[in-house]
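First the structure, in the form of structure tokens, and then the observations on it.
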Amino acid sequence: MNLLESRPPFPPFTRETAIQKVRAAEDGWNNRNPQKVALAYTSDSQWRNRDQFINGRDQIERFLAAKWTNELEYRLIKELWAFEVNRIAVRFAYEWRNEQGQWFRSYGNENWEFDEQGLMQKRYASINDLAIAESDRKFFWPQGPRPADHQSLSDLGL
């Protein structure tokens with residue numbers, strides 16, 4: 001196995017390893033480094049993100065760079081919904097603001113499929129945005145990974 005082209009934990013997933021995989025993905029996205037995040041996907045990974053179809057790491061990097069340029073103060077929480085062998089389903093919410101200062105909470109679901117080296121080969125995301133008042137925000141940790149003691153989506157009632 002090429003360690004540069006692998007991301008443990010590997011399928012088949014257990015509940016524990018599926019939760020580890022979800023948290024690793026959340027932490028990666030919260031770091032907002034498109035080049036590093038793209039390495040968690042196969043070189044020919046296929047995505048559907050809202051109405052966009054994205055193929056391969058180069059397109060993933062460009063997509064993420066644009067996303068985090070427009071979605072300021074981005075903070076994400078993911079939660080395991082279900083898993084089976086090499087597939088994981090998550091629900092998530094993230095908060096962000098635009099350049100005009102309007103805050104949003106984006107809610108969604110993702111279905112993931114992994115290869116034997118633990119790289120995500122397929123990602124299907126459905127996402128809805130809700131404009132919120134700044135006073136309605138719930139995600140208040142410093143930019144970067146969510147602290148281990150921060151509430152989950154279920155704990156927050158989301």
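Scanning the stretch 33-74 for residues that are touching a Phe, Trp or Tyr at 6+ places or on another chain (Cβ under 8 Å), of a type in the set (D, E, K, R) and in contact (Cβ under 8 Å) with a residue 24 or more places away in the chain gives 48, 71, 73. Within the stretch 138-149, restricting attention to residues that are touching a strand residue (DSSP E or B) at 6+ places or on another chain (Cβ under 8 Å) and surrounded by 15 or more Cβ atoms within 10 Å (Cβ to Cβ), which residue is farthest from residue 45 (Cα to Cα)? The extreme case among them is 138. May I ask you to verify whether residue 81 is assigned to a helix (DSSP H, G or I) and closer than 25 Å to residue 20 by Cβ? So residue 81 does not fit the description; no.
Check the stretch 28-46 and report whether any residue there is hydrophobic (A, V, I, L, M, F, W, C) and assigned to a strand (DSSP E or B). No, the stretch 28-46 contains no residue that is hydrophobic (A, V, I, L, M, F, W, C) and assigned to a strand (DSSP E or B).
Filtering the stretch 5-27 to residues that are part of a loop (DSSP other than H, G, I, E, B) and surrounded by fewer than 19 Cβ atoms within 10 Å (Cβ to Cβ) leaves 6, 8, 9, 10, 12, 14. For the stretch 37-53, a residue qualifies if it is aliphatic (A, V, I, L, M) and under 17 Å from residue 116 (Cβ atoms), and the qualifying residues are 39, 40. Cβ separations smaller than 6 Å between residues 6+ apart or across chains give the following pairs from the stretch 108-133 residues that are crowded, with 16+ Cβ neighbours inside 10 Å to residues that are outside any strand (DSSP E or B) and of a type in the set (Lys, Arg): 118/7; 119/7. Look at the stretch 75-90: where a residue is hydroxyl-bearing (Ser, Thr, Tyr), no partner that is modelled with pLDDT of 95 or more sits 6+ places away or on another chain with Cβ atoms under 8 Å.
Scanning the stretch 101-114 for residues that are more than 17 Å from residue 67 (Cβ to Cβ) and either part of a strand (DSSP E or B) or of a type in the set (S, T, N, Q) (or both) turns up 109, 111, 112, 113, 114.
The values are calculated or read from the model by the stated rules, or taken from the named source; none is laboratory data. Source: prediction; values computed, not measured. Please note: Cβ atoms are built from the backbone with ideal geometry, for glycine as well, and neighbour counts cover all protein chains shown.
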